[in-house]
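What follows is a short report on a single structure.
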Amino acid sequence: MSIRSHAVRRVCVYAGSNPGSDPAYADGARALATAMAERGIGLVFGGSKLGLMGVLADSVLAAGGEAIGVMPQALIDREIGHRGLTELRVVDSMHERKALMAELADAFVALPGGIGTLEELIEVYTWSQLGIHDKACGVLNVRGYYDHLAALLDHAVTEGFLRPQHRAVLSVAGEPAELLDRLAAFRPPT
């Protein structure tokens, strides 16, 4: 029995604007970037040169991949925009940023990050449940960073707040290749 793959041409990756306290987080960003470029998968991200976002973009570009950043003008004015991207799209607001990133991507992934990363991930995850999109969502679980989120979601299923088919939309994987395989094999819940 063969599983038909979902066409994943670009992945929107949410990531911290800080590097985190452990070099493993940057290593995870580099590994994801390399795996994406090797598969011909382009990157859509927040457009920053800082933190894991910068590491991710630089690594995709170094591996010969496409990196599209989306950033509000106010952040460009603060000189945090990455100037070496394939394309940097400038928008007026954070709402426009998130909408355009979602439009440009075929799937969504979160690397470790702070509250902004979590907010963006949970928003697109919610959009899936609401039927706004039918794209795969996942997290690269570097050093178990997302273990507690996965446990919370499992608990929400047990307690009757989240349906199992909606829980299954968010893949949790420790290795980039495994995560990209899951994104490609994703089938929206019915």
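The values are calculated or read from the model by the stated rules, or taken from the named source; none is laboratory data. Model, not experiment: these values are computed from the prediction. Cβ: placed from backbone, ideal geometry, glycine included. Neighbour counts: every protein chain shown. Each accessible area value is taken on the protein alone, full model and side chains, heavy atoms only, with ligands, DNA and RNA left out. Shrake-Rupley method; radii C 1.70, N 1.55, O 1.52, S 1.80 Å.
Given the options ALA185, ALA151, name the one that is at pLDDT below 95 and of a type in the set (Gly, Ala, Ser).
So the residue among ALA185, ALA151 that is at pLDDT below 95 and of a type in the set (Gly, Ala, Ser) is ALA185.
What are the pairs, 6+ residues apart or on separate chains, where a residue within the stretch 156-176 that is charged (D, E, K, R) has its Cβ under 6 Å from a residue that is open to solvent by 30 Å² or more (accessible area, probe 1.4 Å)?
Listed pairs, sorted by first residue: ARG167/VAL157.
Which members of the stretch 150-165 meet the condition of being in contact with a helix residue (DSSP H, G or I) (Cβ under 9 Å, 6 or more places away or on another chain), open to solvent by 30 Å² or more (accessible area, probe 1.4 Å) and in a helix (DSSP H, G or I)?
Within the stretch 150-165, ASP154, VAL157, PRO164 qualify.
Quick check on the stretch 129-143: of everything there that is over 14 Å from the mean Cα position of the chain (by Cα) and touching a residue at least 12 places away in the same chain (Cβ under 8 Å), which residue is most open to solvent (accessible area, probe 1.4 Å)?
Step by step, filter the stretch 129-143, then rank; the result is ARG143.
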